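Worksheet for the structure shown next.
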Amino acid sequence: MGAVVKVSQGELRGTVTDGVHVFLGIPYAAAAVGVNRMLPPRPAEPWSGVREATEPGPEPPQVAPPATGGSAVGPAEDWVDVDEAFAHVRLATASDDYLNVNLWTPDPAAIGLPVMVWIQGGMFEISSTAAYDGSRFARDGVVCVVINWRPGAEGLLYLGDGIANVGLLDQVAALEWVRDNIAAFGGDPGNVTVFGESAGAMSIGVLLAMPRAEGLCRRAILQSGAAHHVISAANATRIGEYLAHKLGVPATREAIAAVGIDRLLAAQAQLKRELMADPDPERWGRDVVASMMPWQPVIDGEILPGPPIERITAGAGSEVDVIVGTNTEDWRLWIVVSGVFPQINDEILTGPVAAHGYLSLGAYCISAEEALSAYRDRYPESAPGDLLAAVQTDWWTRIPAIRLADAHAEASSGAGVGSTYMYEFAWPSPGLGAVHALEVPFVFDTARPDAPLFGGLLGDDPPQELAHAMHAAWVDFATHGDPGWPRYDPTSRATMRFDTISQVVDDPRAWERGLWEGVR
């Protein structure tokens, strides 16, 4: 029988496994259905008696990813309307209380344990806590929390109606719940580290720049995501209007929220497929086409007052200790697992890919053709697929990470507060390389072939020493603010390169940084 703890809504009973206390499916906000749908989160309702926290809570509404390859929906050219598309959608929710957290603690009776809060990725379209096991963090003296939040249209619909970034506000609400309740689980509300990967890391880049999130974390770790990928209010409004048109309803929050979740997800899936089939910047907006993500954090002027990287440069988040990093071949994952890698040739690179347009990061802009030409000169022996993966890796993750590290280190040095650290995960999985998300099971110290979600990326014999070392660095950072390697500064750019033999390398990406800095 697990311990009973008292939180702001009532009492909870968890379970105990191998000495770790586990509490699952804890609501941190009211159910986002009915009158609360597509609106900012509201406080969770209290309950009477002892609530059993022994089973994972439901997941938010989302178009579930396919079990094997391809898409969760049929080909866009086969869709006649949203009703037909609905037949191809697999729903990923079965209950209303999906704004919930899972929690692992070594001892609810402890005092002042460090806290780590995980925000998972999924291109702002998928959000699931099911694959993440925080027990190893609890084993090592950390209270670990994994949160659900609303992705896709449910959380990122924008119509210029004064409501924006609802999914990001879910994350803020979860962090507020942690602040108010984590002491009941042995945690220190003043020592919270928020960490995440991909869209989860991009979310953290936004949280560092959001006034509403100020003071909710002491430290942050951003894995393969930074503070650049956001969407303008004008283009976000355009996406919202397209969605309403597909649904056949007025472009108002009330009208869209009145549509059933199943029908909304079908329209959302169809809209994404149309974007991928015809990425015309004139139709969708350059920031949407560059990322191929119709649902992103919105620069609305209030919840997110400006581009996150610009606000961080100006000092936002400078009091927070930060680790930011990438994987050596991040974006190679998508090219390989999609099966298109062997089909990419020089004709495709100089034709359809080069015609894609411009890759833009804030004030910096480089044409796809110019980028590919530079990378071809730099790596003349590389296959066309590897060249494309290198360009996409640098645009999506590496250059944003470097710019975030530079901005945060400069702002923090002036304020004399937060520290900055940088890493690169370089261990190559057999047949894949050091691809996107590969570091996640190493961080959680669950690097084994049968690990949920990411185990299939690891091969037959992932190095356990590397998993223990990377996990320990994250724990040390959350506990003391020092992961065990020198701080990053714009002079030396010290970077911990994690591999079977890990070592600190100064300015390991000087060529890439120079290329992207020099092209506007």
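Bear in mind these aren't lab numbers, they're just calculated from the coordinates by the rules spelled out. Bear in mind the structure is a predicted one, so any value in this text is a computation, not a measurement. In this analysis, Cβ positions are derived from the backbone assuming ideal geometry, glycine residues included, and neighbour counts consider all displayed protein chains.
Other residues within the sphere of radius under 15 Å centred on the Cβ of Ala510, judged by their own Cβ, net out at -1 (K and R +1, D and E -1). Per the Debye formula on identical point scatterers at the alpha carbon atoms of the stretch 420-520, with no solvent, log10 I(q)/I(0) at q = 0.12, 0.25 Å⁻¹ is -0.45, -1.28.
Only helical runs count toward this figure. For the chain, summing -39,500 (n - 2.57) over DSSP H runs of n ≥ 4 and dividing by all residues gives -9500 deg cm²/dmol at 222 nm.
Rounding to the nearest 20 debye, state how big the charge dipole of the stretch 127-254 is about its Cα centre with +1 on each Lys and Arg Cβ and -1 on each Asp and Glu Cβ.
Details: 10 positive and 12 negative charges, 36 e Å.
That gives the stretch 127-254 a dipole magnitude of about 180 debye.
Between the C-alpha center of the stretch 136-184 and that of the stretch 497-517 there is a gap of 32 Å. Per-residue Karplus couplings for the stretch 210-227, computed as 6.51 cos²θ - 1.76 cosθ + 1.60 with θ equal to phi - 60°, are listed in order as 8, x, 5, 9, 4, x, 8, 9, 9, 9, 8, 10, 10, 9, 6, x, 9, 9 Hz, Gly and Pro entered as x. Rounded to whole numbers, the Karplus 3J(HN,Hα) couplings from phi for the stretch 392-401 are 5, 4, 5, 5, 5, 10, 5, 5, x, 5 Hz, using 6.51 cos²θ - 1.76 cosθ + 1.60 with θ = phi - 60°, and x at Gly and Pro. For Cα Rg over 2.2 N^0.38 Å, the value calculated from this model appears in [x] 0.93; [y] 0.97; [z] 1.04 under label [x]. Put the Cα centre of the stretch 400-448 next to the Cα centre of the stretch 207-264 and the gap is 25 Å.
Summing Cβ point charges (Lys, Arg +1; Asp, Glu -1) relative to the Cα centre of the chain gives a dipole of roughly 780 debye.
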